[in-house]
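Scroll down for the structure; my scribbles are underneath it.
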Amino acid sequence: MKPPGVFYEDWERPVGSDDDVMSAIAAAFGPESGEARIMQLLLDYRSIYGPYIPLGAAGHLDLILEDTTLTTDLAESMGTARTEIRDTLHSLHAHGLVLIADDGSLWLTVPPGTPLSAPNSQWSFVEKKMDAPPELGAAH
């Protein structure tokens, strides 16, 4: 869908089955290595996003979700249990229903080509759900 912005410039596509990828990483770096933890995260993202993972946006979303105050407020506003908010938000994000804006904030969005999208096949940023935490917003 090619979302707009700086968080959607870097995409990753792990190649191979999860077992094959993890076996290769474990053989090269060890099963408990930082590389193995990162690859496991990428494979987790792949199960949500499909073959192409927006690295910057998915990682930033996880950083936002580490702030328990923000996620508790967001879970309440979405009518979801806090324990389910990560999977729910990543799923919404994978479908283009929430996006990370250039300032690091999280927005409800409407993807192009849908009945309520903006003219000329543009994304519609509808409602800001949360600001970027100050330390995260300053980094980008």
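The values are calculated or read from the model by the stated rules, or taken from the named source; none is laboratory data. Note that the structure is predicted; figures quoted are calculated from it, not measured. Cβ coordinates were reconstructed from backbone atoms using ideal geometry, including for glycine residues, and neighbour counts include every protein chain displayed. For accessibility, only protein heavy atoms count, side chains too; no ligands or nucleic acids. Shrake-Rupley method; radii C 1.70, N 1.55, O 1.52, S 1.80 Å.
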- line: The extension gain from Glu35 to Asp67, computed as 0.36 nm times the residue separation minus the Cα-Cα distance, is 9.1 nm
statement: Per the helix-only model, the chain has a calculated mean residue ellipticity at 222 nm (DSSP H runs of ≥4, -39500 (n - 2.57) each, divided over all residues, rounded to the nearest 500) of -14500 deg cm²/dmol
- request: Determine the sum of side-chain charges near Trp107: Lys and Arg each +1, Asp and Glu each -1, restricted to other residues whose C-beta is under 14 angstrom from that of Trp107.
  value: -2
message: Given N residues in region 51-140, what is its alpha carbon radius of gyration divided by 2.2 N^0.38 Å?
response: 1.07
Whole-Hz ³J(HN,Hα) from phi, Karplus 6.51 cos²θ - 1.76 cosθ + 1.60, for region 84-97, glycine and proline x: 9, 5, 4, 4, 4, 5, 5, 5, 4, 5, 4, 8, x, 8
- prompt: Residues with amide H under 5 Å of Thr109's amide H, sequence separation 5 or more or different chain, H placed in the peptide plane at 1.01 Å from N; which?
  reply: Val98, Leu99, Val126
Dipole of the chain [Lys/Arg +1, Asp/Glu -1 at C-beta], most positive-end residue of Leu116, Ser23, Pro4: Leu116
- request: Any chance you could check the Cα centroid distance between region 17-52 and region 78-96 for me, in angstrom?
  value: 22
statement: Projected onto the charge dipole of the chain (unit charges on the beta-carbon of Lys, Arg, Asp and Glu, signs +1, +1, -1, -1), the Cα from Phe125, Ile53, Leu99 with the largest positive-side position is that of Phe125
message: Probe of 1.4 angstrom, ligands and nucleic acids ignored: what's the accessible area per residue over the chain, in square angstrom?
response: 57
